[in-house]
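Before any comments, here is the structure.
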Amino acid sequence: MLKTTRSKMKYYSQYRNHDLFDLQELLSRFCKSNRWVKLGDNLPWDNIVREYNKRLQYRHAGADNKTASYSLAMGYDNMHRITSKKQHLSQTGVQFGGTLHAGYELAYTYGSAEGKKFQLDNVRDINYRTEETPTERTNINNGHKYIYDANGNLVYINTSRVKRDGKEDEKATEQKYKWDEENRLLAADENGFVSNYWYDADGERTVKTSGENEAIYVNSEFSGGKTGTTRFSLYVSPYLVAGQGGKYTKHIYVGSQRIVSKLGDLASYGADPRRIPYAGKEADGLTINYKDKYNQQLQSIKDNYKAFDQPYNGQDNDDYVNGQGFCCNDATPEAAQVRVMNASTRSAVDNNFHDKDNYEKMQF
């Protein structure tokens, strides 16, 4: 017959929703501080030892002399807002033969204006990851400043960094965000890499474009670079997502549960998948002007670059012929693979293109 003391019940209540801990609790031995020391006899995990130091920080030591320790401390103010968080992890022989010390110390400051007292204003972030005993020399000291719009949407994050000489670089990295009147994200700028988003009438995201930019930094300060929009994701439906290089992902569901995601490329649809005409200019009496739609989308991209004070140096592709345009010539490994696959059939289809054909003229 098992007997459970009051001290054990206090510890047990912390894990009463976990069956594994239920069993281990009843078969464990406790030290004077009511902390779990060693599991009961004749169990498959009997070689595991759980120890706590004088500060009751968790420490694990296995039969193979692998050791690991972990501690977490959090601070709150009178409004139950998190004001500090400290975490430290040490391990020896767990992931590799050496020793690892990793952790961080965060200090949170909130807005003081009425209605913004739970809005994060800035965070001081000190973190480290080293084989040695952590010191000031091994610390990475960052500061994060947050700015919001009138609707409470995050529009700017500035990250500063304290250098080795003690001076702080005020703008080590920057993130900027643009929102519409319905609080939907329209564009994001992360250190000059601009992403753009479009939505349908139901508010569902339909297209995402992003840039592969080349930037030059001098003493960690942005000096200049080349920008352009080269990647995109097309959310056709919950079942199909297409991307650059002719790649697509098809999702298969049973009810509301997704069970399979199939990866493919447009080359599987024929000898030359680049010859994709418009899907139709008229539907139920509605006339669609694709040229105007494209120009509006392109102008929106340029406007977003301007809003973020980023130079737009994109080259606007205007045809599918011979691999130009969104399908097969965007300088990505995926696009290179598609070009190789189509090399043997390209000569046979080059003559299929005529001026009278309507081709979708896309930048990406």
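If you scan segment 192-205, which residues turn out to be assigned to a loop (DSSP other than H, G, I, E, B) and crowded, with 17+ Cβ neighbours inside 10 Å? I'd like the intermediate steps shown before the answer.
From segment 192-205, those assigned to a loop (DSSP other than H, G, I, E, B) are 192, 200-204; that's our starting set.
Across segment 192-205, the qualifying residue is only G192.
Name the residues in segment 68-92 that are in a loop (DSSP other than H, G, I, E, B) and surrounded by 14 or more Cβ atoms within 10 Å (Cβ to Cβ), would you?
Narrowing segment 68-92 to residues in a loop (DSSP other than H, G, I, E, B): 77-81.
Correct list: R81 only.
Does D272 satisfy being assigned by TED's automatic domain parsing to the domain that holds T209, at pLDDT 55 or above and not polar (S, T, N, Q)? Can you show your working first?
Working: assigned by TED's automatic domain parsing to the domain that holds T209: yes; at pLDDT 55 or above: no; not polar (S, T, N, Q): yes.
Judged against the criteria, D272 is not a match.
When you check A150 against the structure, is it at negative phi, touching a helix residue (DSSP H, G or I) at 6+ places or on another chain (Cβ under 8 Å) and at pLDDT 90 or above, yes or no? I'd like the intermediate steps shown before the answer.
Working: at negative phi: yes; touching a helix residue (DSSP H, G or I) at 6+ places or on another chain (Cβ under 8 Å): no; at pLDDT 90 or above: yes.
Spelling it out, it is not the case that A150 is at negative phi, touching a helix residue (DSSP H, G or I) at 6+ places or on another chain (Cβ under 8 Å) and at pLDDT 90 or above.
Given the conditions (1) assigned to a strand (DSSP E or B); (2) modelled with pLDDT of 80 or more; (3) among the polar types (S, T, N, Q), which single one is not true for N183?
N183 satisfies all of (1) assigned to a strand (DSSP E or B); (2) modelled with pLDDT of 80 or more; (3) among the polar types (S, T, N, Q) except (1).
The values are calculated or read from the model by the stated rules, or taken from the named source; none is laboratory data. Predicted model only: the values in this text are computed from it and were never measured. No Cβ is skipped: glycine too gets one built from the backbone with ideal geometry, and neighbour counts run over all protein chains shown.
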